[in-house]
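Visitor: Supplied in structure tokens, the structure appears directly below.
The values are calculated or read from the model by the stated rules, or taken from the named source; none is laboratory data. It should be emphasised that the depicted structure is a prediction, and the values quoted were computed from it without experimental measurement. Here the Cβ is made from the backbone with ideal geometry for all residues, glycine too, and neighbour counts use every protein chain on show.
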Amino acid sequence: MISLAKLEKLPRTLRLRKAAKLLEEAEYRIHGNGEAFVPERAYWVELLGMLREDPLFSPAETTAVREAEALLRGLSGEPPDSPSPEAVNHGCLRRALNMVRYILLAKTGHSPADWDLVDPEGRLDPQKRLSFPGVGIYLEDIRSPFNVGAIFRTAESFGAEKLYLSPLCADPLHPRAARTAMGCVAILPWERLSGELNSGPAGPFFALETGGKGLKNFPFPPRGTMIVGSEELGVSPPALALADSSLGRLSIPTYGAKGSLNVSVAFGIAMQAWAAALAENAGYHAR
């Protein structure tokens, strides 16, 4: 690690960026095993002490730095009293350092995103996932990698068995999609179709679209495929026709002036409702 004396001599923006990376390293060490962090804790105590003197921090930001420093000093056996092992294990220290790290990122013009999360556990274990057999999701021409990644993450969380992508849907392996999915692309089976929708996933079909039945009244099937259309244009006429000839359309009631939702948010609401109906019948228990 860079010496604090050298760090202090760097231009301010570069110094804050380096400090943010150092705090990220601290989060990695703390996560799941606080003992791995203990040997060099004095380094981060001094680092936070240096940051605390930055005159451009707001009072609230300075307080956040002080709180993180106090937790570190407690862990070092210095005043205040050392926090309990339970407090450390439950993430108090990690949360405090995470808060300071995001303050530093904001000061350097970095816009935080979900993929900035420190997750040292690596790849997800496919053996740990529960899925509902026959539950498929068809993504039709969704252009945003962020939305594709978010849908993958939600679909995995709520037990979808497989995702199907239209030929023009954004690539789940795009860096933004993969980061947003946070490992779910690797453990959730998916397939890009080369032809018509009904050439891949099995019916019955229903479309997530306006003008249909609400969540409370929709007859969610034990097996089938939900069609999710593009952000801008919605579900295509051919896919709508297929859904209308099967289970129809699922709609989410809204009450604001906008009257529409981001596609990944709408999918999350719909997928949770479908999963809840299936879990009740299957005897699954949420984690």
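Visitor: Just to verify a result, which residue in segment 166-197, among those that are crowded, with 16+ Cβ neighbours inside 10 Å and within 20 Å of SER246 (Cα to Cα), is modelled with the highest pLDDT? Spell out the reasoning first.
Guide: Initially, segment 166-197 is screened for residues crowded, with 16+ Cβ neighbours inside 10 Å, giving 166, 169-170, 172, 174, 176-185, 187-188, 190, 193, 197.
Still in the list and also within 20 Å of SER246 (Cα to Cα): 166, 197.
Working: SER166: 94, LEU197: 83.
Once the filter is applied, the top-ranked residue is SER166.
Visitor: Further question: Looking at this structure, is PRO221 in contact with a strand residue (DSSP E or B) (Cβ under 9 Å, 6 or more places away or on another chain) and in the same structural domain as MET271 (by TED's automatic domain parsing)?
Guide: Working: in contact with a strand residue (DSSP E or B) (Cβ under 9 Å, 6 or more places away or on another chain): yes; in the same structural domain as MET271 (by TED's automatic domain parsing): yes.
When the stated conditions are applied, PRO221 passes them.
Visitor: Give me the residue from segment 204-220 that is among the small types (Gly, Ala, Ser) and surrounded by fewer than 18 Cβ atoms within 10 Å (Cβ to Cβ) and, out of that set, modelled with the lowest pLDDT. Talk me through it step by step, then tell me what you get.
Guide: Just the residues of segment 204-220 that are among the small types (Gly, Ala, Ser), to begin with: 207, 211-212, 214.
The next check asks that each one be surrounded by fewer than 18 Cβ atoms within 10 Å (Cβ to Cβ); those that pass are 211, 214.
Numbers: GLY211: 90, GLY214: 93.
That would be GLY211.
Visitor: Can you list the strands (runs of 3 or more DSSP E) found entirely within segment 196-283 that contain at least 2 residues being over 22 Å from SER144 (Cα atoms)?
Guide: Numbers: elements: 205-213, 224-228, 248-250.
Fully inside segment 196-283 and qualifying: 205-213, 248-250.
Visitor: Residues that are buried (at least 19 other Cβ atoms within 10 Å of the Cβ), modelled with pLDDT of 85 or more and not aromatic (Phe, Trp, Tyr): does segment 50-60 have at least one? First the steps, then the outcome.
Guide: Narrowing segment 50-60 to residues buried (at least 19 other Cβ atoms within 10 Å of the Cβ): 51.
From what's left, modelled with pLDDT of 85 or more: 51.
Now narrow it down to the ones that are not aromatic (Phe, Trp, Tyr): 51.
Looking through segment 50-60, at least one residue is buried (at least 19 other Cβ atoms within 10 Å of the Cβ), modelled with pLDDT of 85 or more and not aromatic (Phe, Trp, Tyr).
Visitor: Considering each residue of segment 223-246, count those that are within 27 Å of the chain's Cα centre (by Cα) and not small (Gly, Ala, Ser), and give that number. It would help to see each step written out before you state the result.
Guide: Residues of segment 223-246 within 27 Å of the chain's Cα centre (by Cα): 223-235.
From what is left, the residues that are not small (Gly, Ala, Ser) are 223, 225-228, 231-233, 235.
Summing the residues that are within 27 Å of the chain's Cα centre (by Cα) and not small (Gly, Ala, Ser) in segment 223-246 gives 9.
Visitor: Still on this model: Output the qualifying pairs, or none if there are none: Cβ atoms under 6 angstrom, residues six or more apart or on different chains, first residue in segment 238-253 and within 18 Å of GLY214 (Cα to Cα) and in contact (Cβ under 8 Å) with a residue 24 or more places away in the chain, second residue part of a helix (DSSP H, G or I) and among the small types (Gly, Ala, Ser).
Guide: Note: pairs meeting the criteria are LEU250/ALA270; ILE252/ALA266.
Visitor: Identify, from the list GLU196, GLU140, GLU156, the residue that is in the same structural domain as THR254 (by TED's automatic domain parsing), within 30 Å of LEU93 (Cβ to Cβ), touching a helix residue (DSSP H, G or I) at 6+ places or on another chain (Cβ under 9 Å) and of a type in the set (D, E, K, R).
Guide: Values: GLU196 fails: within 30 Å of LEU93 (Cβ to Cβ); GLU140 fails: within 30 Å of LEU93 (Cβ to Cβ).
Within the list GLU196, GLU140, GLU156, the selection yields GLU156.
Visitor: Failed condition for GLY77, given (1) at pLDDT 60 or above; (2) on the phi > 0 side of the Ramachandran plot, with all others met?
Guide: Here GLY77 meets the rest and fails (1).
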